[in-house]
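Chemist: Below are the structure tokens for one structure; questions will follow.
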Amino acid sequence: MLVDSHCHLEYKGLVEDQAAVIARARAAGVGAFLNISTRKSEWGQVVGTATREPDIYASVGIHPHEADAHADLGREPLLAATAHPKVIAIGETGLDYYYDKSDRNVQKSLFRMHIDVSRETGLPLIIHTRDAEDDTHAILADEMGKGVFPALIHCFTASMDFAEKVLALGLTISLSGIVTFKNARDLQEVAKIIPDDRLLVETDSPFLAPVPNRGKVCEPAFVADTAKFVAQLRGVSAETLAEQTTANFRRLFSKAAL
């Protein structure tokens, strides 16, 4: 069994044929999906899909690209949304200085608010970070000093130094199809050093289809290709990697009834 720990089933490219997308993933060995939200208007959709499908779970959160549009959200709506039994995670949230679609101070404020709700609820925090390693680590280290919270860096593309720093803070690292790309040599080195109990795989579908599916709309079924590639990098069987990452998902997202 594999788990796609990060997909966007409500996004264009997947939502139009969602039932078939889910069926293909199940046929490929995907036994659970975490359907991620990026703005408040999506929360109802991701929870609705999770309510209909027994093996699909939901996250609630605000992506850094959407921070300006949610600057006045406040913690109470987020906290209330976590009460649903199929909501097992907070996010995705974090910092994105590559596109800078939202004010950086607003991104930081919302990131800390998500951390606060994660700490209170015990639900894992799903972190997006791009071109913001220093500030992401500084906020995580500062907030961990106030009280620990479970968290992961999704779709990891940062440096080895950042990987070592977030692992030292107790975080999990999730790898997407990017790790299979020919130009991802540095990321492939990171993939080799992640502890067995701190590794997840994901698609981030409909984005970032792994080799041999590059150029296609990414689907949760393709997590099997990423997992196979990562297993080879780490010198283990595909079955072992599937067992490890599924156990890690179950342990981190303990609210999920896998």
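The values are calculated or read from the model by the stated rules, or taken from the named source; none is laboratory data. These figures come from a predicted structure and were not determined experimentally. Using ideal geometry, Cβ is built from the backbone for each residue, glycine included, and neighbour counts are taken over all protein chains shown.
Chemist: Output the residue which, of all residues in region 108-117 that are under 26 Å from residue 83 (Cβ atoms) and touching a helix residue (DSSP H, G or I) at 6+ places or on another chain (Cβ under 9 Å), is surrounded by the fewest Cβ atoms within 10 Å (Cβ to Cβ).
Modeler: Only one residue tops the list, namely 112.
Chemist: Which numbered condition trips up residue 258, out of (1) outside any helix (DSSP H, G or I); (2) surrounded by 14 or more Cβ atoms within 10 Å (Cβ to Cβ); (3) at pLDDT 95 or above?
Modeler: (3)
Chemist: Tell me which helices (runs of 4 or more DSSP H) are completely within region 1-112 and hold 1 or more residues being basic (Lys, Arg) and in contact (Cβ under 8 Å) with a residue 24 or more places away in the chain, or say none if there are none.
Modeler: 18-27, 75-81
Chemist: Out of the residues in region 126-157 that are touching a residue at least 60 places away in the same chain (Cβ under 8 Å) and assigned to a loop (DSSP other than H, G, I, E, B), which is surrounded by the fewest Cβ atoms within 10 Å (Cβ to Cβ)?
Modeler: Going through the qualifying residues, I end up with 150.
Chemist: Against the definition (of a type outside the set (Gly, Ala, Ser) and either more than 15 Å from the chain's Cα centre (by Cα) or modelled with pLDDT under 95 (or both)), how does residue 136 come out, yes or no?
Modeler: yes
Chemist: Further question: Hey, among the residues in region 39-75 that are surrounded by 22 or more Cβ atoms within 10 Å (Cβ to Cβ) and of a type in the set (Ser, Thr, Tyr), which one's nearest to residue 93 (Cα to Cα)?
Modeler: Filtering region 39-75 for residues that are surrounded by 22 or more Cβ atoms within 10 Å (Cβ to Cβ) and of a type in the set (Ser, Thr, Tyr), the one nearest to residue 93 (Cα to Cα) comes out as 59.
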